[in-house]
Structure formats: structure tokens, C-alpha cells
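Accompanying notes for the structure given below.
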Amino acid sequence: MKKNYIGIREARINLSKLIRDVKGGMEIIITDRGTPVARLVPAQGMTLSLEERLKNYTSSGLIDLCPHTVKHIDTPVKLPADKSGHNSNGED
């Protein structure tokens, strides 16, 4: 399981590996004596898609995806105006 919290000393020693992990979509929190002091995240414009990030988090053991998928979601039901004559969404 990949760590997402790491101490300053260990981060300095393993910086190349941490950069590869960040490129793969992971966010690394760097701590100083257990207190979070910095975040290592992908540079702006280099972010992965949600699907790629979920794949990376799943493969690193950070999350488990639900084995069931929703195949069809019905469209929302439009609610009628309440008895006072106002719409339920607050518009008059």
C-alpha cells in the first residue's frame, strides 16, 4: 500500500519515487514530526482523469471500488407546485 503521509526525512530520501506516485495521481502529505506541513500534488494542467485516478488509488490499495455499477438512472420526477401556489424550487 502506498503511503500518502510521509515525513520530511523520508520524503527527501525518496523524492524521485514520490514524484512518480504524484504523476500517477496520488497526493502526498509531507509531515514534520507528525504535523502536516506540505502537499505534493500534480502540477496544474497535468491532472489525470477521474477514471485514471480511481484506477491508481485502487491499485495502490487506498480505496476499494463498489463491485456493483448503476446501469440506468431514471430521470428526476418533476414535483408539482405546493398548495400555496409556489414552486417547490423557490421560484414564484
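Each reported figure results from applying straightforward, stated rules to the coordinates on display, with no laboratory input. Source: prediction; values computed, not measured.
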*Can you list residues whose amide H is under 5 Å from residue 7's amide H, if they're 5+ apart or on another chain and H is modeled 1.01 Å from N?*
31
_For the range 20-32, Karplus couplings with θ = phi - 60° (6.51, -1.76, 1.60), whole Hz, Gly/Pro x_ = 4, 4, 5, 4, x, x, 7, 9, 10, 9, 9, 10, 10
*For the range 5-59, what is the largest minus smallest coordinate of the Cα atoms on each principal axis, given in angstrom and ordered from greatest to least?*
34, 19, 18
